[in-house]
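The values are calculated or read from the model by the stated rules, or taken from the named source; none is laboratory data. Predicted model, so just to flag it, every value in this text is computed and none were measured. Cβ coordinates were reconstructed from backbone atoms using ideal geometry, including for glycine residues, and neighbour counts include every protein chain displayed.
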Amino acid sequence: MNPVPDIFRILPEVILTLTGVAVMLIDASLPPAFPRRPLGWVAALGTTLALWASLWQLSLPVGTGFFSTVETSPFTVFFHVLICGIVLVALLLSLDTLPEDSHHQGEYYALVVFGAVGMCLLTGAVELLLVFIALEISSISTYILAGYRKQTGRGPEAAIKYFLLGSFATAFLLYGVALIFGATGTTQIYEIAHLAPTAQNHSLVLAGLALMLVGILFKVSAAPFHVWTPDVYEGAPAPVVALLSTAPKAAAFALLLRVVYELFPTLHSLWSPLLWIVAVLSMTVGNLAALRQQNVKRMLAYSSIAHAGYLLAAFAGLGTSGIAAASFYAAAYAAMNVGIFAVITLVSGYDEDLPMVEDYRGLIYRSPLLGSLLIFFLASLVGIPFTGGFFGKFYSFSAAVDGGAVALAIIGLLNSGLAAAYYLRVALMTAQPSAGKNAEAAVPTPQVGVAVGAALLMAVAATLILGIVPGEVLRAAEAGAHTLQAPPSPQSVHGLGIERRPNP
Amino acid sequence: MNAINESILTLILLVPLAGAVLVALVPDRGKLPNWIALSTALVSFGLTLHLPAHFVLGQGGFQFAINRAWIESPAIFYHVGVDGLSLWLVVLTGLLAPVGVVASWNVIRERRKVFYALFLVQQTAMFGVFISLDLMLYYGFWELSLVPMAILIAMYGRKDGSKAALKFFLFTFIPSAPLLVAILWLYAQTGTFDFATLQSLITYGSFPAGPLSWAAFAFLFAFAVKVPLFPLHGWLADSFSEAPVALAMVVAGKLGLYSMLRFHIGLFPVQARAAAPYLIALAVIGILYGACLALVQRDFWRLLAFAALSHLGLIVLGIYGFTFTGSAGAVYQILSHGVVDGALFVLLGVLYDRYGTSQINAYGGLASKLPQTATLFVITSLAMIGLPMLSGFVGEFLILSSTFAGVSRGWAIAASLGVILGAAYMLWLVQRLFYGPESELTASKPAIDLDGREFLVLWPLAVLMLVLGLAPSLWLNEIQQGVLRPQGNRPVALSAPVLPHLASTTSSPGEGQR
């Protein structure tokens, strides 16, 4: 048995980093007049390679590298593939929608790719300091991206808000790490999991866990740590929001899964009620606030808070089923949310001349394709069967019911009924005839280019696949859940492909 | 033939869906979408006719069943099949599809593609509801049926479609949240979504009684809103006045009523029996309340809505009377109501199309100008009232007589009062629309009687009403078999009447045919 070279453990991250560096170098060496758009294709290519590399990692034995700091397992691969997929769609989306003359296009693509490095690393890290570093890598990229539209007032506002609040949250996380280090004398997750139950300073561990939860819940924009979300989503360009609302959240949820199920499974009685409350708060606050929004992006921001709540409901589930449900939901949510932001980018335009719900009136007549896609993604967000959103909710709430949290499931489903009201408002607005012929003429019909078309196709396909044949993805999520449940000892090395995992 | 029997239900599901995709793909030129939709609807109707032709009477269980694994975990199966209960409902759904297409032929003038594509998706969803035997599959189709309906009401509403669509969607979507939780809870307890397995597990297994009755209540609540049962009918009148004719005829009634019979009584007989007295009371209140409100409506769509509330109340009365005859009568009445209501919607749609208003007092004296319309309208109204020899009579008679004999005389008398009121508002409507002096509106517009297509749709429906009324045994055999099934092969209901102070009745399975 040959030990796996450490470099293979972080192969996707390496590829992404090289891509980012290459994009920046090419950008710097190109003459100023040269169009920067091909750089986006370079970034997309690198991301695709990273995606394949993640899949290839399945053939590696489960284990850690670099002195037990980075892990590869079906769990990390699941989230790697998810994040790379989201980033790829976001890149394709940006390719067609970033204005040709916009400043710093090269940096934009590089930042997206560097952000992906951080997010991927976050899902694989099993060492709290590396977790912190990965979180910072991804956060700093997204802070800059959020303020990418410098010329409007909203852009910098979004970036600064996100940066200040985000730094606070990261600080909380770091304090938590410090306290846990103080209690256990280590930052390696398996060792902490081993030591924590017997640690002398139990209150330190509790405080550490609480602080870490604050930091992570901020990143997933769960209530009551959600206040940054609407402003940032409104200010950031729509393609960035497509990325921002899905990929960092998926990574943060992966971290949350790791923290609660792998780091502190023994404190279940403590974090479970906490997450129950946060889940209920997020759904209710998110949906109630979204009901009143007139700006589509703000509405979707609140809806993303509510979806974080639905996802957190899965944490009420027992072990494997809860983890699998949460992972699945992260994928389903990513597919439909990226899709809907892709449509919104096209309809509203990069400068967002048409941000309001009212502006979507008659969209289906102006552009039948985009109109039907919008209704499709909204239906998925509502949770209509045969779309990804349905099975996401379904698994999440059935995990909750399995875990005995029937009340949580009922609250969640009633909330999704409430949510239908505002999703439907947009859907019905799209289907309503325009007020007058003149209004119709004034609004340009959005064009769908090749790259955006590919992005939309990927999002639609993912949403449909997750809604009609969710079996494969669920199996992958369950395989991941198994590895998270039972942290492997370095000795137990055998090939763990998804296909070969026994199905429970 | 076996190969067909084994795939017929899948075909029935897929044909409308394929038609929808085809409609969505072809260019929106001329009547092309209409023709595709019509041929799809006819093909799917033809396919549904295969079912009664090859249905084996006396063979218990579900026929034409297909059971394949769909999703491994949780174990969701693509399990479909029909029995006597769902057999005719599937055929009725198939029949109403071409009727709906023809009824929309000239009415839907814009955006035909969207309309017909969604109409056909709706068709698939309804077939799915009637033939699913896996609770998750059923729930999937149940929810799916909401979407095209809501969008079509919003897009083709007469005045304020959006509002009606939102109301319709939320009214039916929110109650399905507890329904899903109840289904998930059953799954958590048993590990299966399969209808038949669950049925026997619930009958013979030991479930905690409290949660089980909550689950039963969640089922009931979702269905009662969908039917709708008084006092959950808030969405009905708006949907009736806004929905395009082709959809209005399927918006209320059969989905909810079938679900009650199959999944509420079928899965939770004990709990259903416990709830029956309350449901009977609500049903009778609904019958009278709906009839009274129908009397005072000035808008004929709203009149039809409250009339439907009244008639659906009668069917609920039959279902929850727990007599064999009553249940058979209820299923029969669902069929009859589907046909009669469908025809009425088409006829009122004809008037609305010609004169552009649904205010009853704007009409008058149409009988001489539109003789065909008037004739058909009178026939349909009489069928609705329950005139002997027409379709409404059989079901009403079975329900009322079984209620009188087997449940409670008081409720039966009260419900009969509703029937009398029904005659009053229908005949008064006929009188106001078609007789009396000619109104300004009808005098000012050119009189255009039924055109060929409408003629072609309405007369078969009228003939069907007559056949349903004259030869009920053609249908009742299968229905009775289906009604029997949930209780095992013995009409358990007969030995245990709902209201304890009444003596049990002695009706036999054959009684309904007489």
Self-check item: Meets criteria (within 12 Å of chain A (Cβ to nearest Cβ), more than 24 Å from B:L279 (Cα to Cα), surrounded by fewer than 18 Cβ atoms within 10 Å (Cβ to Cβ) and in contact (Cβ under 8 Å) with a residue 24 or more places away in the chain) for B:G191
Solution: yes
Practice problem: Name the residue, out of B:V114, B:V121, that is modelled with pLDDT under 85, in a helix (DSSP H, G or I) and within 11 Å of another protein chain (Cβ to nearest Cβ). | Solution: B:V114
Quiz item: Considering only the range B:163-180, how many residues are over 17 Å from B:L220 (Cβ atoms), more than 8 Å from chain A (Cβ to nearest Cβ) and buried (at least 21 other Cβ atoms within 10 Å of the Cβ)?
Solution: 2
Quiz item: What is the number of the single condition among (1) more than 11 Å from A:T430 (Cβ to Cβ); (2) of a type in the set (D, E, K, R); (3) in contact with a helix residue (DSSP H, G or I) (Cβ under 6 Å, 6 or more places away or on another chain) that A:R361 does not meet?
Solution: (1)
Exercise. Return the residue satisfying two criteria in turn: it lies in the range B:133-175 and is part of a loop (DSSP other than H, G, I, E, B) and hydrophobic (A, V, I, L, M, F, W, C), and of such residues it is farthest from A:L424 (Cα to Cα).
Key: B:L133
Quiz prompt | Residue in the range B:50-78 that is farthest from the other protein chains (Cβ to nearest Cβ), counting only those that are part of a strand (DSSP E or B) and closer than 20 Å to B:V483 by Cα | solution = B:Q63
Quiz item: Within the range B:97-114, can one find any residue that is farther than 30 Å from A:N415 by Cβ, surrounded by fewer than 22 Cβ atoms within 10 Å (Cβ to Cβ) and of a type in the set (F, W, Y)?
Solution: yes
Quiz item: If you take the residues of the range A:159-213 that are within 30 Å of A:D231 (Cβ to Cβ) and in contact with a Ser or Thr (Cβ under 7 Å, 6 or more places away or on another chain), which of them is surrounded by the most Cβ atoms within 10 Å (Cβ to Cβ)?
Solution: A:G166
Quiz prompt | Unique match (being within 9 Å of chain B (Cβ to nearest Cβ), more than 24 Å from the chain's Cα centre (by Cα) and aromatic (F, W, Y)) among A:Y395, A:Y365 | solution = A:Y365
Self-check item: Subset of the range A:404-420 (residues that are surrounded by 24 or more Cβ atoms within 10 Å (Cβ to Cβ), facing chain B (nearest Cβ under 8 Å) and either out of contact with any helix residue (DSSP H, G or I) (no Cβ under 6 Å at 6 or more places or on another chain) or under 16 Å from A:A289 (Cβ atoms) (or both))
Solution: A:S416, A:A420
Practice problem: Would you check if there is a residue in the range A:375-383 being within 12 Å of chain B (Cβ to nearest Cβ), over 30 Å from A:V450 (Cα atoms) and β-branched (V, I, T)? | Solution: no
Quiz item: Which of (1) at pLDDT 85 or above; (2) at the interface with another protein chain (Cβ under 8 Å from one of its Cβ atoms) does B:A154 not meet, given it meets every other one?
Solution: (1)
Self-check item: Residue in the range A:333-348 that is aromatic (F, W, Y) and within 14 Å of another protein chain (Cβ to nearest Cβ) present
Solution: no
